[in-house]
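Visitor: Below is the structure I would like to discuss, written out as structure tokens.
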Amino acid sequence: MSSQITVGYWDFRGLAEPIRNLLVFQGVDFVDKRYSKGADGKGQEWLDEKFTLGLDFPNIPYLIDSANNVKITQSLAILRYLARKYKLEGETEEQKNRAAVLEQQVYDLNMNFFRTIFSPDFEKNKAEYLKTLPDQLKAVSNFIGSNQYSTGNSVTYVDFWLYELLVKLKVFSPDIFNQFNVLVSFVDRLESNKNIAAWRKKKGPQKFVGFGPFQVEY
Ligand SMILES: N[C@@H](CCC(=O)N[C@@H](CS)C(=O)NCC(=O)O)C(=O)O
């Protein structure tokens, strides 16, 4: 049977990787549609399709689930849709709340990171950012505590969102990241999932972002 789900994005991790990882973890056969930025970096391949797909707010990442006639954008809306579809919202009210809180916390931490990465005075801002990073990670580590996953002992959609933040920080500052055993174990646990491990092997290292000073692959 051909894949019913398509995820469209640039050819790097970016905002699509949590979505891809959720699908991979679930063992879903999906079309991993990647648009080239092209030699001029303008992404004409995407622009040619952008307004032809029937998306309300044409952007990438997008998700098309043809079996359910779903065509959506906005990375967190896509993750939440998949959470409902695959029952990854959390089992209890408490776990659902924890997922919602962590989702927005990770959003803020991501913004902090990207403000640093894309700031004009990168080196100065990087030094300032690194001073605050241990406290940011400590709070996440305390939140996870002795749970296997971020919101409890079962996987929720927010694990894939958190994972992507953590692996960025792991390569950005291994010394700081590695001080947090809970976070190291969390990343290891997801990466030891057989579907995720096979996906990582198949895809090889990929860039986090398409431009800027943080041209690191993971
Ligand atoms: N809030 C949106 C942001 C989407 C976005 O900014 N997409 C970027 C890549 S990260 C892009 O290049 N979009 C292509 C476009 O604007 O046509 C989301 O979370 O999905």
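The values are calculated or read from the model by the stated rules, or taken from the named source; none is laboratory data. As the structure is a prediction and not an experimental result, all values here were calculated from the model. Positions of Cβ are generated from backbone atoms using ideal geometry, with glycine treated the same way; all protein chains shown enter the neighbour counts.
Visitor: Residues in segment 31-40: is at least one within 16 Å of the ligand (Cβ to nearest atom) and touching a residue at least 60 places away in the same chain (Cβ under 8 Å)?
Guide: Among the residues of segment 31-40, at least one is within 16 Å of the ligand (Cβ to nearest atom) and touching a residue at least 60 places away in the same chain (Cβ under 8 Å), which makes the answer yes.
Yes or no, residue by residue, for (1) polar (S, T, N, Q); (2) surrounded by 14 or more Cβ atoms within 10 Å (Cβ to Cβ); (3) closer than 25 Å to residue 115 by Cβ:
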| position | (1), (2), (3) |
| --- | --- |
| 168 | no, yes, yes |
| 172 | no, yes, yes |
| 175 | no, no, yes |
| 187 | no, yes, yes |
| 190 | no, yes, no |
| 193 | yes, yes, no |
| 197 | no, no, no |
| 210 | no, yes, yes |
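Okay, residues lined up against (1) more than 15 Å from the ligand (Cβ to nearest atom); (2) more than 29 Å from residue 197 (Cβ to Cβ):
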position	(1), (2)
13	no, no
18	no, no
47	no, yes
60	no, no
99	yes, no
102	yes, no
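Visitor: In addition: Can you confirm whether segment 117-130 contains a residue that is within 16 Å of the ligand (Cβ to nearest atom) and modelled with pLDDT under 95?
Guide: There is at least one residue in segment 117-130 that is within 16 Å of the ligand (Cβ to nearest atom) and modelled with pLDDT under 95.
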